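Throughout, read-outs are computed from the coordinates displayed, never taken from laboratory work. Treat the numbers as computed from the prediction; the structure is a model and nothing was measured. Using ideal geometry, Cβ is built from the backbone for each residue, glycine included, and neighbour counts are taken over all protein chains shown.
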Amino acid sequence: MIPTVATEIAGYLKHGDYAVAVRRTLDFCLDTGDDTLIENAISWSRGYHENENSKSGKAIPDNFISEAEHILQQATQQHAGISYQNNPLISAEKISKTYSGGGFSLKPINVTVNTGNVLGVVGENGNGKTTLLRCLAGQLALDNGEIKYHLLQKPDAYAVKNHIAFIPQRIPKWYGLLKDNLHFSASIAGVYGAKNDLMVNFMLERLNLSSYAHLTWNQISSGYRTRFEIARILLQKPKLLILDEPLANLDINAQQTILTDLIFMAKGAHNPMGIILSSQQLHEVEKVADTVIFIKQGNCLYSSNDKAEKITSNAIEFETAASRESIIALFGDCNVELQFNGGFYTITSGVLSPQQIISTIVAANIAVTYFRDITYSTKRFF
Amino acid sequence: MSKRPLVPSFLQKLDDKLLRNKPNTWAARTHLVIWFAVLLGLALSVFCYLAFFDAKQYNSIEGWVTFIGLVAFIGFVFWLIYLLRFNVFKRYGNWFMWDGLKSFALYFVSIGAMVAVCFIPSAIETYRANQQFGNEEIVNDINEINSTACKLEYDLLPLEWKADTCKVVDTIINISDEYTVADTVAIAVEVAGPKYHKIDTAELRTKLFQVDSVVKIHDSLYVFFECPQYLFVSSGDADDYATQKIIYSAEFYRTIIRNYKKPDRPALLKRMEELKTKYAASSRYSYYDEGSDEYTNDTYLEKIKKRYSLKRINNGIDNAVNKKYSWIKNWDSFLRVFYYTTLIITLLVFIFRHTTIKTFFLSVLTAVILAIFTGLMMVMSNGDETAILSFMIVYYALFACIALSIYGASIRRAIQGIALNLFLFMTPFVPLIFVALNEAMKYRRYYEPGYNNQVITEPDNTALYFLIAEIAGSLILLILLEPVFRKLYRKWYAAPEN
């Protein structure tokens with residue numbers, strides 16, 4: 001398994017995917033727990049980012065590849081036998097919540113997250129995603145049901161909140177230098193002295209924030225604020241990370257980067273954790289989440305865990321300039337259902353597979369500018 | 001870490017080290033507060049040292065304290081801004097035993113440093129006064145001024161002593177019987193006329209201590225003599241801390257007046273001028289202002305005082321004496337002002353750091369409403385001090401009960417938070433309230449019918465009881481802070497909301 005990570009990184013380096021290679025190498029070194037190696041990796045990463053920012057015209061600094069190979073070699077040697085355990089982390093059984101002031105209520109819902117797993121919570125605005133996350137984070141009292149934190153024995157509320165990190169949609173403002181905040185967060189989680197410096201520098205490099213560390217909250221964009229908040233939270237080494245709409249302030253590239261970073265870090269041996277995140281970015285969430293649940297008006301309408309029982313038809317969405325009539329004519333008696341939502345067509349069929357549907361369209365020489373198999377996507381419920 | 005102005009590199013290193021190793025200590029910023037308090041204190045000391053160059057002049061120390069208080073308040077606001085940026089407790093950081101006590105101590109030291117700065121002008125004033133005038137020097141000079149005035153103005157001085165004949169009785173029953181003809185007492189009649197008045201044994205003791213001379217006719221009849229006033233300059237506390245004592249009028253009578261010899265007038269006048277230069281305050285204000293020399297009547301005292309500017313000299317001596325001994329005489333008052341100011345602000349800061357902003361201000365509102373309610377109850381029921389103190393004890397018990405119910409609570413309720421805040425705030429003052437209530441009840445009993453004739457045999461230990469209560473209150477707070485208050489805050493603050 002371990003040589004696979006090294007091979008994966010070597011592949012990135014070979015094909016010029018240097019940014020991913022740097023991030024994965026940092027994770028790889030962190031998992032070894034060897035401070036010297038981590039320091040070397042940070043220094044190597046810093047060289048790469050400085051070169052990138054300097055616009056020198058060179059893609060990578062001198063000796064970048066050779067240093068990378070050396071670091072990978074050392075990390076591979078030390079990494080043998082290190083992996084995270086997929087332990088149960090949190091399980092909520094039939095939890096429900098009704099606000100005393102308003103009419104909204106979250107109906108009984110079951111949730112389970114293991115170490116290294118990602119649970120995506122999707123749904124339209126005002127349908128209970130944030131309420132569910134706040135209940136799981138111990139911020140809201142439950143009306144019914146029970147939450148078990150498997151790694152804690154008889155926890156009180158403070159221990160639960162020490163165990164869980166919650167990043168709200170609107171991140172509270174930071175005061176003082178960003179770097180001081182990161183040192184402080186590491187320090188309150190018991191990361192002291194030289195290790196504190198090492199971890200802060202690591203996190204800054206890992207999320208490519210080093211050049212912003214000396215700034216203040218008001219001097220960075222909302223996207224970077226989200227990244228800094230994630231860095232701060234990760235330094236506190238939570239066992240469960242709950243993020244409410246973390247992608248809202250990020251550009252499309254940053255969304256992908258942050259999500260994959262979170263997945264890599266969740267499955268890392270350094271601090272394996274579970275992640276629960278809510279988002280409107282369905283496809284991005286579905287791509288990384290082990291489980292996706294869809295909430296509408298407080299009800300959990302769908303969970304990807306039990307998709308086999310609920311999904312009885314296949315569906316694709318696609319974008320084309322062709323007319324509805326010409327598309328319907330293609331499928332004749334195949335008993336397909338065609339819907340148009342103003343942007344995309346959605347074809348649903350209980351008989352044809354997604355591959356057969358798209359093959360039929362392509363074979364008819366109809367120009368398709370976009371298509372996606374949404375058979376198992378929560379997109380079908382929107 | 002950014003470079004802060006006026007912060008030396010060693011402190012910057014300490015700051016870095018604390019940030020990485022002791023987040024709770026770093027967040028309190030006590031090291032920076034102490035540093036800036038020391039800097040401000042030093043600058044202020046130098047400034048005051050230069051400003052208070054003449055101890056005989058009046059200084060508006062209240063104005064100084066107000067000004068420095070404002071500067072300290074600005075410093076306090078700055079500190080709060082930095083303090084509120086980082087909070088280990090509200091970030092659910094790692095929990096260590098004694099962190100609460102440590103935080104409280106750090107806040108106390110920080111606030112204490114800011115409060116202490118306000119005392120610097122007074123301390124420097126005292127230091128300067130002691131530097132300028134010695135304890136013995138002032139007393140000797142007072143005696144010299146008075147004796148010189150007596151020698152120079154002998155012709156103006158009255159020589160007759162006042163006499164008062166008194167008959168000692170066990171108890172004065174009828175006040176109207178005060179003056180009675182006593183024709184059997186020849187010497188008394190000769191000196192004071194044929195009347196005497198009755199005094200009891202207590203007043204006899206007082207008179208024997210106070211009067212300049214006494215003639216005992218027999219066991220129950222005394223003639224008390226009072227010397228004319230020959231003190232033109234004096235200061236009540238001047239000889240409290242000197243081996244030399246201020247010479248009073250009778251002594252001047254015996255040493256100068258009774259055997260008067262013509263003095264070397266030019267030499268005395270020159271010496272008087274020197275003493276005037278040394279002590280006369282230029283300002284017409286003093287701590288015990290005797291007024292100016294301009295408006296005087298025609299008594300011998302006023303004439304002499306006016307002739308040698310003795311009122312201004314007296315003002316100067318008063319100013320110097322007051323400055324010299326203000327810390328020795330008032331150290332306990334100063335300590336209490338410092339301690340309680342620091343304690344109350346520390347309690348407020350500690351509460352603010354462990355509660356929500358909303359609950360903190362609701363607690364303040366609750367305290368104000370309860371104060372108004374209690375005041376109204378007092379007005380409507382003609383209640384006295386004991387009623388107010390009893391109300392406070394009831395409130396405290398109520399707050400304690402509600403706060404302790406947090407142990408069994410599963411959600412965060414504002415009312416429990418408010419009660420917890422007020423429970424904590426009142427705790428150091430509860431022993432004081434109990435002692436005050438006890439004293440108030442004793443005081444009230446003295447005025448109950450039939451109590452007047454009882455003899456009070458128990459010694460008056462009120463001050464001691466209050467001192468014990470003050471210490472006990474602080475100890476109780478410190479003992480309960482970690483195991484009770486901080487645990488309650490932990491449970492309450494982290495609990496889910498409804």
Using alpha-carbon positions, the gyration tensor of the range A:14-53 gives root eigenvalues a ≥ b ≥ c; with a/c under 1.5 called rounded, otherwise prolate if a/b exceeds b/c, else oblate, the class is oblate
Got a sec to turn the phi values of the range B:130-140 into Karplus ³J(HN,Hα) couplings, 6.51 cos²θ - 1.76 cosθ + 1.60 with θ = phi - 60°, whole Hz, x for Gly and Pro?
-> 5, 5, 7, 10, x, 4, 6, 4, 5, 5, 4
Gaussian network model of chain A, Cα within-10 Å springs - most flexible of A:280, A:356, A:219 = A:356
Taking residue B:261 as the anchor, which aspartates and glutamates have their alpha carbon closer than 20 Å to its alpha carbon, excluding any fewer than eight residues away along the same chain?
-> B:144, B:153, B:155, B:160, B:251
Helix-only [θ]222 nm of chain A, DSSP H runs n ≥ 4, -39500 (n - 2.57) each, per residue, nearest 500 = -13000 deg cm²/dmol
List the lysines whose alpha-carbon lies under 22 Å from that of residue B:329, not counting same-chain residues fewer than 8 positions away?
-> B:56, B:245
Specify the inter-centroid distance of the range A:128-204 and the range A:311-375, based on alpha-carbon positions, in whole Å.
-> 45
Checked chain A against the a/c 1.5 cut and the a/b vs b/c comparison, axes a ≥ b ≥ c from its Cα gyration tensor; verdict oblate
Quick one: which residues, 5+ away or cross-chain, put their amide H under 5 Å from the amide H of residue A:98? H built at 1.01 Å from N.
-> A:106, A:143
Within-13-Å neighbourhood charge of residue B:211 [Cβ basis; K, R +1; D, E -1] = 0
Can you work out ³J(HN,Hα) from phi for every residue in the range B:240-257, in order, using Karplus 6.51 cos²θ - 1.76 cosθ + 1.60 and θ = phi - 60°, giving whole Hz and x for Gly and Pro?
-> 5, 10, 10, 6, 6, 10, 5, 7, 9, 4, 4, 5, 4, 4, 5, 8, 10, 6
May I ask for the net charge around residue A:264, where only other residues with Cβ less than 9 Å from the Cβ of residue A:264 are counted and Lys, Arg are +1 while Asp, Glu are -1?
-> +1
For the range A:265-270, in residue order, the Karplus 3J(HN,Hα) values (coefficients 6.51, -1.76, 1.60; θ = phi - 60°; whole Hz; Gly and Pro = x) are 6, 4, 9, x, 7, 5
Hey, what angle do you get for helix B:462-480 against the long axis of chain B, alpha-carbon based, 0 to 90 degrees rounded to 10?
-> 10
Residues with amide H under 5 Å of residue A:112's amide H, sequence separation 5 or more or different chain, H placed in the peptide plane at 1.01 Å from N; which?
-> A:92
Under a 10 Å cutoff between Cα atoms, tell me which one of A:99, A:175, A:370 has the largest fluctuation in the Gaussian network model of chain A.
-> A:370
Charge tally for neighbours of residue A:107 with beta carbon under 13 Å away, counting Lys, Arg as +1 and Asp, Glu as -1, is +2
Relative contact order for chain B using alpha-carbon pairs under 8 Å, separation at least 6, rounded to a whole percent?
-> 16
For chain B, rounded, prolate or oblate, judged on the Cα gyration tensor with a ≥ b ≥ c (square roots of eigenvalues), a/c < 1.5 rounded, else prolate if a/b > b/c?
-> oblate
Based on the Cβ-Cβ distance from residue A:78 to residue A:256, what FRET efficiency comes out when R0 is 22 Å, to the nearest 0.05?
-> 0.15
Length gained if residue B:12 through residue B:328 is fully extended, taking 0.36 nm per residue and subtracting the Cα-Cα distance, is 109.9 nm
